[in-house]
Amino acid sequence: MRNLMTFACPFRRKYPLPSQKDDLFFMSMAYNEAITAWEEEEVPIGAVIVREQEVIASAHNLAETRKEATAHAEILAMAQASRFLGDWRLNESILYVTKEPCPMCAGAAILSRVGEIVFGFSDEKMGCLGGKLALHQLLTWNHHPRVRFGIMSEECYELVRVFFEKRRKKDDNISNTTMTH
């Protein structure tokens with residue numbers, strides 16, 4: 001069992017109306033996955049994949065739990081969606097994710113031919129759908145998903161910001177305790 005941190009998630013889950021299956025509904029589901037990640041001591045990123053207005057996959061980061069760098073929410077959700085559909089091509093699917101995908105996840109989404117990617121907030125350091133780079137706009141690639149962002153951006157950003165703020169404080173407290181003993 002890891003003991004990276006022992007602080008509870010201060011954010012509440014969202015409960016959107018199932019009768020309104022829109023961007024807010026599906027991003028709320030991804031956000032709830034991110035809260036589950038926090039509760040499991042993972043970086044709070046969540047993803048869902050939707051096809052024909054139905055969620056066919058949902059996941060959150062599990063890199064720490066699995067001790068596996070590729071266990072990002074997007075990768076896990078795409079693998080789950082592929083198993084559900086019986087096909088690696090996710091053409092008619094929409095990926096909702098709380099944070100702009102990193103190079104690995106953006107590349108995997110493009111190679112999986114995800115039809116559309118919707119993310120909560122941009123990542124100017126590692127985002128590869130416009131934040132730092134724009135992999136989906138490379139002209140030589142044979143697939144160019146539609147990309148949109150800004151759905152629940154403040155909530156998604158605050159979840160990650162507070163997570164790392166609390167983790168840094170905990171790490172500082174651990175360092176100070178071990179230095180005095």
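The values are calculated or read from the model by the stated rules, or taken from the named source; none is laboratory data. Computed from a predicted model, the values in this text were never measured in an experiment. Heads up, the Cβs are rebuilt from the backbone with ideal geometry, glycines too, and the neighbour counts pull from every protein chain shown. Ligands, DNA and RNA are stripped out before the accessible areas are found, and what is left, the full protein with its side chains, is counted by its heavy atoms. Shrake-Rupley method; radii C 1.70, N 1.55, O 1.52, S 1.80 Å.
Report yes if A34 is within 27 Å of N142 (Cβ to Cβ) and surrounded by 15 or more Cβ atoms within 10 Å (Cβ to Cβ), otherwise no. No; evaluated as a whole, the condition is false for this residue.
I'm trying to understand the selection: among the residues of region 88-107, which are crowded, with 17+ Cβ neighbours inside 10 Å and under 19 Å from K125 (Cβ atoms)?
V97, T98, K99, E100, P101, C102, C105, A106 - these are the residues of region 88-107 that are crowded, with 17+ Cβ neighbours inside 10 Å and under 19 Å from K125 (Cβ atoms).
One residue stands out in region 162-173 among those that are surrounded by 12 or more Cβ atoms within 10 Å (Cβ to Cβ) and of a type outside the set (A, V, I, L, M, F, W, C): the one that is nearest to W88 (Cα to Cα), namely R167. Just to be sure before I move on: is V43 within 21 Å of V162 (Cβ to Cβ) and either among the aromatic types (F, W, Y) or touching a residue at least 40 places away in the same chain (Cβ under 8 Å) (or both) in the structure I sent? So V43 passes the test.
Looking at F149, F121, which one is at pLDDT 95 or above, open to solvent by 60 Å² or more (accessible area, probe 1.4 Å) and of a type in the set (A, V, I, L, M, F, W, C)?
Step by step, each of F149, F121 is checked, and only F149 is at pLDDT 95 or above, open to solvent by 60 Å² or more (accessible area, probe 1.4 Å) and of a type in the set (A, V, I, L, M, F, W, C).
The single condition from (1) without any contact (Cβ under 8 Å) to a residue 12 or more places away in the chain; (2) open to solvent by less than 60 Å² (accessible area, probe 1.4 Å) that E68 fails is (2).
For region 71-87, the candidate set comprises residues that are under 16 Å from A34 (Cα atoms) and not aliphatic (A, V, I, L, M); within that set, the residue that is most open to solvent (accessible area, probe 1.4 Å) is H72. Within the set E33, E41, E100, the sole residue that is touching a Ser or Thr at 6+ places or on another chain (Cβ under 9 Å) and on the phi > 0 side of the Ramachandran plot turns out to be E41. Only one entry of D87, D22 meets the criterion of being more than 16 Å from the chain's Cα centre (by Cα), under 18 Å from V118 (Cβ atoms) and of a type in the set (D, E, K, R), and that entry is D22. Is one or more of the residues making up region 22-30 surrounded by 20 or more Cβ atoms within 10 Å (Cβ to Cβ) and in a strand (DSSP E or B)? Among the residues of region 22-30, not one is surrounded by 20 or more Cβ atoms within 10 Å (Cβ to Cβ) and in a strand (DSSP E or B), which makes the answer no.
Scan region 1-11 for residues that are surrounded by 10 or more Cβ atoms within 10 Å (Cβ to Cβ), out of contact with any Leu (no Cβ under 6 Å at 6 or more places or on another chain) and at pLDDT 75 or above and the total you get is 3.
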